[in-house]
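The values are calculated or read from the model by the stated rules, or taken from the named source; none is laboratory data. All of these numbers come straight from a predicted model, not from anything done at the bench. So basically every Cβ, Gly included, is an ideal-geometry build from the backbone, and we count neighbours across all protein chains shown. These area figures cover heavy atoms from the full protein model, side chains too; ligands, DNA and RNA do not enter into them. Shrake-Rupley method; radii C 1.70, N 1.55, O 1.52, S 1.80 Å.
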Amino acid sequence: MHQLQAPGRAVRAMAEWAKHLGGIKGVVLDISGVLYDGGGEGGGVPIPGSIEAVEKIKASGLKLRFCTNETQATRGKFVAKLQRLGFNILVNEVTAPAPAACRILKERNLRPHLLVHDDLVPEFDQLDKANPNCVVIGDAADNLSYKNLNEAFRVLIGLENPILISLGRGRYYKETDGLKLDVGVYMKALEYACDVQAEVVGKPSKMFFQSALAEMEVEPQQAIMIGDDIVNDVGGAQQCGMRALQVRTGKYRPCDEQHPEVKADGYVNNLAEAVDIIVKQLHK
């Protein structure tokens with residue numbers, strides 16, 4: 001269980017970040033670890049209060065965007081799962097790495113060798129994949145075998161100008177049965193083996209956050225990010241000029257609050273608490 005702050009200290013810290021919410025017009029939400037914990041027979045379990053929190057944001061008049069590094073399913077399938085779990089969410093409200101990567105690949109005439117989850121492959125159907133001149137890696141779960149990593153390595157090492165595109169760079173994430181290694185671990189292995197630096201599409205990429213802001217038509221200083229990852233959610237958003245809160249759900253660990261490089265604008269126990277405070281400030 002996560003260790004929660006003592007009520008008095010938490011309220012003081014909350015009051016402090018709540019004072020700086022003036023001018024907020026848009027909210028960007030991470031999904032896994034904020035709305036729900038993935039895994040299990042139903043594909044996941046909503047975090048208590050999160051379904052209602054999404055409804056509250058939508059009713060408040062604030063603009064809302066969901067920003068995820070999810071790469072184990074197409075955006076359509078992922079959203080359908082969230083709808084089954086009870087969330088009021090539409091495909092066109094979600095910024096995800098695979099569609100963004102497809103745009104980059106088309107613009108640069110790149111033919112990808114895919115090391116991605118089987119359920120994500122349809123996102124790349126419109127691309128030429130013959131004679132690949134780059135590698136795209138995502139959270140491929142069981143597809144991240146030695147055999148498949150080695151095949152991706154051989155493609156990269158055989159290119160005169162190797163290009164590695166990674167759909168996120170997370171270290172781990174949380175599902176109902178515990179923590180799982182994320183794509184960043186395998187990305188680093190290919191970087192090291194091929195002496196190449198990956199191009200990250202997804203959080204914490206500045207371009208990824210800018211894309212979400214453009215969809216909402218708000219400036220960075222008018223938006224607040226809520227996530228469970230101190231580096232990719234909080235740090236990425238802050239580098240883009242946004243404010244950012246970390247929830248004490250999902251992959252959160254108490255040591256995140258003493259991170260040597262990234263400090264959230266505020267820490268909250270869950271999404272419901274964050275949204276209550278943000279909406280109250282709107283009406284002051």
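Stokes-Einstein diffusion of region 125-284 at 20 °C, 1.002 mPa s viscosity, Kirkwood radius from Cα pairs, rounded to a whole number: 122 µm²/s.
Computed over neighbours whose Cβ is under 13 Å from that of Leu21, the net charge equals +2, Lys and Arg +1, Asp and Glu -1.
Answer rounded, prolate or oblate for region 152-192, using the Cα gyration tensor with square roots of eigenvalues a ≥ b ≥ c: rounded when a/c is under 1.5, else prolate when a/b is larger than b/c, else oblate. It is prolate, given that a/c is not under 1.5 and a/b is the larger ratio. Computed from label points 7 Å out along Cα-Cβ, the spacing between Lys25 and Glu199 is 3.1 nm.
In loop segments of region 95-180 as defined by DSSP, the trypsin sites (Lys or Arg not before Pro) with at most 15 further C-beta atoms inside 10 Å of their C-beta are Arg108, Lys129, Arg171. Taking amide H as placed 1.01 Å from N in the peptide plane, Gly44 has its amide H under 5 Å from the amide H of Gly39, each at least 5 places away in sequence or on another chain.
Solvent-accessible surface of region 118-276, taken per residue with a 1.4 Å probe and all protein chains present: 47 Å². Classify region 169-264 as rounded, prolate or oblate, taking a ≥ b ≥ c as the square roots of the eigenvalues of its Cα gyration tensor: rounded when a/c is under 1.5, otherwise prolate if a/b is larger than b/c and oblate if not. Verdict is oblate for region 169-264. Each listed q (0.10, 0.11 Å⁻¹) maps to a log10 I(q)/I(0) for the chain, found by the Debye formula over equal Cα scatterers with no solvent: -0.52, -0.62. One quarter of the convex hull surface built on the alpha carbon atoms of region 108-201 amounts to 6.2 nm², the projected area averaged over directions.
Across region 220-236, rounded Karplus estimates of 3J(HN,Hα) from the backbone phi angles (6.51 cos²θ - 1.76 cosθ + 1.60, θ = phi - 60°) give x, 6, 9, 10, 10, 9, 10, x, 9, 9, 4, 8, 6, 7, 5, x, x Hz, Gly and Pro being marked x. Relative to the dominant Cα principal axis of the chain, helix 183-194 is inclined by about 40°.
Taking GluC sites (Glu not before Pro) across region 199-284, the ones in a DSSP loop with at most 16 further Cβ atoms lying within 10 angstrom of their Cβ are Glu217, Glu261. Secondary structure note: in region 108-201, about 30% of the DSSP beta bridges are antiparallel. Sequentially through region 94-105, phi angles give Karplus couplings (6.51, -1.76, 1.60; θ = phi - 60°) of 10, 9, 9, x, 4, x, 5, 5, 4, 4, 5, 4 Hz, Gly and Pro residues having no value and appearing as x.
Surface composition of the chain: carbon and sulfur atoms hold 50% of the protein heavy-atom accessible area at a 1.4 Å probe. Here the Karplus curve 6.51 cos²θ - 1.76 cosθ + 1.60, taken at θ = phi - 60°, turns the phi angles of region 42-53 into couplings of x, x, x, 9, x, 6, x, x, 6, 4, 5, 5 Hz, with x standing for Gly and Pro. Here the contact order of region 164-226, divided by its residue count and restricted to Cα pairs under 8 Å and six or more residues apart, works out to 31 percent. Where only DSSP H runs of four or more residues are counted, the chain gives -10000 deg cm²/dmol as its mean residue ellipticity at 222 nm, each run worth -39500 (n - 2.57). Our estimate of slack between Arg111 and Asp177, defined as 0.36 nm per intervening residue step minus the Cα-Cα distance, is 20.1 nm.
Anisotropy class assigned to region 147-225 is oblate, per the alpha carbon gyration tensor with a/c at or over the 1.5 cut-off and a/b no larger than b/c. Each label was represented as a point 7 Å from its Cα along the Cα-to-Cβ direction; for Gln239 and Asn150 these points are 3.4 nm apart.
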